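Written below as structure tokens is the structure these notes are about.
Only the coordinates and a few stated rules stand behind these numbers; no lab work does. Computed from a predicted structure; not experimentally measured. Here Cβ is always computed from backbone atoms with ideal geometry, including for glycine, and neighbour counts include all displayed protein chains.
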Amino acid sequence: MTLADLAAARGPASAAVLADQGLSEGERTALLNGMRGRLGEMRDSIARGLSSDAKSRTGMVGWNAKGLWDAPDALSSPLLKRVQAYAMAVNEENARMGRIVAAPTAGSAGTVPGALIGVGDHLDLDDDALLLPLVLAAGIGEVISKTMFIAGSTGGCQAEIGSSAAMAAAAVTEMLGGDAEASVHAAAMALMNTIGLVCDPVGGYVEVPCVSRNAFFAVHAVSSAQLALAGLRSVIPPDEVVQAMASVGRMLPPELRETGEGGIADTPTGRRIALEMAR
Amino acid sequence: MSLLDVIGPVMVGPSSSHTAGACRLALLARHAFGYEPSRARFVLHGSFAKTARGHGTDLALVAGALGAAPDDARIPMAFAEAERAGLAVSFETADLGDVHPNSVRIEVHGPDAAGAERTLTLQGSSLGGGIVRVFELDGFRIEFSGAAPTLLVRHVDTPGVIARVTRVIADDEVNVAALYCARKRRGGEAMMAVECDRAITPVAAAYLLHLSAITWLRQVPAVMSASSDGSHIASATAEVVP
């Protein structure tokens, strides 16, 4: 299935994703139960992350989610705060070697729950309303993975956080009533605006910039959903956007693909932290 | 790739490729070995070599060699667990050639039931999101992913061996998803990896092993769906050791 096929489906895109799987009734039930379990695991990691300020293994992160959650709402924007805090809660759990759901990777694990559960809780939606959108998120990730490896070491961060933001954007759009075309174009716009992002973790640890990046891209996904729900569409067809991202990934030098040797990892302070951690 | 592999796995952080994937590769090596390893050597390549410590790749590899699934809460304590289990571990970095940046060579050693020292070498890559691919086993260029139960057979390269193996699998009413064969030389040692929709019965496996052309056999469970509650691994490991 291509993104064009998915966008052309009638009704919600998740129905087309499920139909494309060719599942028996039992397999379909097992998949939905599995997704319900994933949703529960995501919620658990958010709850643990929001209440913990235990430092990560390096000490670079660990208090960001709780710090934001406990802080006054400076922008009078509870949705923004909730989405950012949820996303960082998951990734700080990840940085502490806690239990999380990769979505699609561990380094980008906060984006989908941050956006989907964040918006859901903001609007006081029941978890049942989140289930099929989560299936759609998985479907979008599956289509992207047919064109490129979803890994920072092959495609840079765009492959990880870009995929997660695209998945989250489609899911939020469907959850808020968007049809298949709107959901797929939300994914494409999120992806298009992530192209070129490099993977440059300080010291090679999934902490800086990874934790705050999940907060930024969870919001990015929600922005994309807002545009798509208002009728905005990607001028470049969604499948071509994925091709473009894969092509940019191939152009990235190894230093910018999860080796910890380029970008902010390769700053004087980044190098000093890496050396301190190696000791 | 199933939808639950995209939204998943449920895992201990911090990296699906460098932690969960590494754990799965070592778990595959343990199952292919078939004995309790007393020593494990990990040779890291590319991004694995550069960022192993930061991603807990070292801990995840050791945990996998001990039999842990990617969601096992003991992964952060894997070195202490190894010491308790009597598993000696060592790490090196090397260029494994033109392979995926997240690749590793895993050598496991240990005594079999009779006390004789055994060794197995597995090379594989972690492709992202926890998806893995083995590309070499004991020097044979075969492939399998751990997404399905996999039958590994070492045999003498003679006409009809592959047909006999697939016949036995068919008689067990098991469907073959993929089959890879490789040999060292014509008429010499050979290996096949048969990815199946489910594991063959222990009786069928024992029958295959008694054939003169077959020298070694393992049934490796689908580690992609393994979780720390242990139920999956316990039921899928049909241990057939000569």
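The mean sequence distance of close C-alpha pairs (under 8 Å, at least 6 residues apart), as a share of the length of the range A:78-212, puts its relative contact order at 25 percent. Rounded to the nearest whole Hz, the Karplus-based 3J(HN,Hα) values (6.51 cos²θ - 1.76 cosθ + 1.60, θ = phi - 60°) of the range B:178-187 follow the sequence 7, 9, 10, 10, 8, 9, 6, 7, 4, x, with x at glycine and proline. Among the GluC sites (Glu not before Pro) in the range A:234-279, none is located in a DSSP loop while being surrounded by at most 12 other Cβ atoms within 10 Å of its own Cβ.
Please arrange B:PHE91, B:PHE33 by how many other C-beta atoms lie within 10 Å of their C-beta, fewest to most.
The order, fewest Cβ neighbours first, is B:PHE91, B:PHE33.
Quick one: compute the contact order of chain A, relative version, from alpha carbon pairs under 8 angstrom and 6+ residues apart, as a percent. Relative contact order for chain A comes out at 22 percent.
Scanning chain A for DSSP H helices at least 24 Å long along the axis (C-alpha atoms) with a Kyte-Doolittle mean no lower than -1.0 picks out A:25-51, A:78-95, A:128-147, A:210-229.
With the alpha-carbon atoms of the protein assembly as shown aligned to their principal axes, the span from lowest to highest coordinate is 75, 55, 40 Å, starting with the largest.
If you take the square roots of the eigenvalues of the alpha-carbon gyration tensor of the range A:178-269 and sort them as a ≥ b ≥ c, do you get rounded (a/c under 1.5), prolate (a/b over b/c) or oblate? Oblate. Can you tell me how the range B:96-242 classifies by the Cα gyration tensor, rounded, prolate or oblate, using a/c under 1.5 as the rounded cut? Rounded. Annotation note: trypsin sites (Lys or Arg not before Pro) in the range A:1-110 located in DSSP loop regions with a Cβ neighbour count of at most 10 within 10 Å are A:ARG10.
Exposure proxy ranking for B:SER90, A:SER164, based on other Cβ atoms within 10 angstrom of each Cβ and starting from the fewest, stands as B:SER90, A:SER164.
Coordinate range of the alpha-carbon atoms in chain A per principal axis, descending: 56, 41, 39 Å. Each stretch of four or more DSSP H residues adds -39500 (n - 2.57); spread over every residue of chain B, this sum gives -8000 deg cm²/dmol at 222 nm. Counting neighbouring beta carbons within 10 Å and listing from fewest to most, the residues A:MET35, B:MET11 come out as A:MET35, B:MET11. By the Cβ-Cβ criterion of under 4.7 Å, the unpaired cysteines of chain A are A:CYS210.
Per residue of B:17-23, what is the mean number of Cβ atoms on other protein chains within 10 angstrom of that residue's Cβ? Please report the intermediate quantities before stating the final value.
On the way: counts 12, 9, 5, 3, 4, 0, 0.
That average works out to 5.
Residue by residue, the range B:109-119 carries 3J(HN,Hα) couplings of 10, x, x, 7, 4, 8, x, 6, 6, 10, 9 Hz when phi is fed to the Karplus relation 6.51 cos²θ - 1.76 cosθ + 1.60 (θ = phi - 60°); x denotes Gly or Pro. Pairs of Cα atoms nearer than 8 Å and 6+ residues apart set the relative contact order; for the range B:1-139 it is 33 percent.
3J(HN,Hα) couplings calculated from phi for the range B:21-32 with the Karplus curve 6.51 cos²θ - 1.76 cosθ + 1.60 (θ = phi - 60°) are, in sequence order, x, 4, 4, 5, 4, 5, 5, 4, 4, 4, 5, 5 Hz; Gly and Pro show x. Go ahead and estimate [θ] at 222 nm for chain A from helices alone: -39,500 (n - 2.57) per DSSP H run with n ≥ 4, summed, over the residue count, rounded to 500. After summing the helix terms and dividing by the residues of chain A, the value is -20000 deg cm²/dmol. Residues whose amide H falls under 5 Å from that of B:THR93, counting only those 5 or more places apart or on a different chain, are B:LEU44, with hydrogens built in the peptide plane.
Counting only trypsin sites (Lys or Arg not before Pro) that are in a DSSP loop and have at most 11 other C-beta atoms within 10 Å, tell me the longest site-free stretch of chain B.
Numbers: sites that count: B:ARG185, B:ARG186.
Answer from the scan: B:1-184.
Size estimate for the range A:91-206 follows the Kirkwood approach: the inverse of mean 1/r over distinct Cα pairs works out to 14.3 Å.
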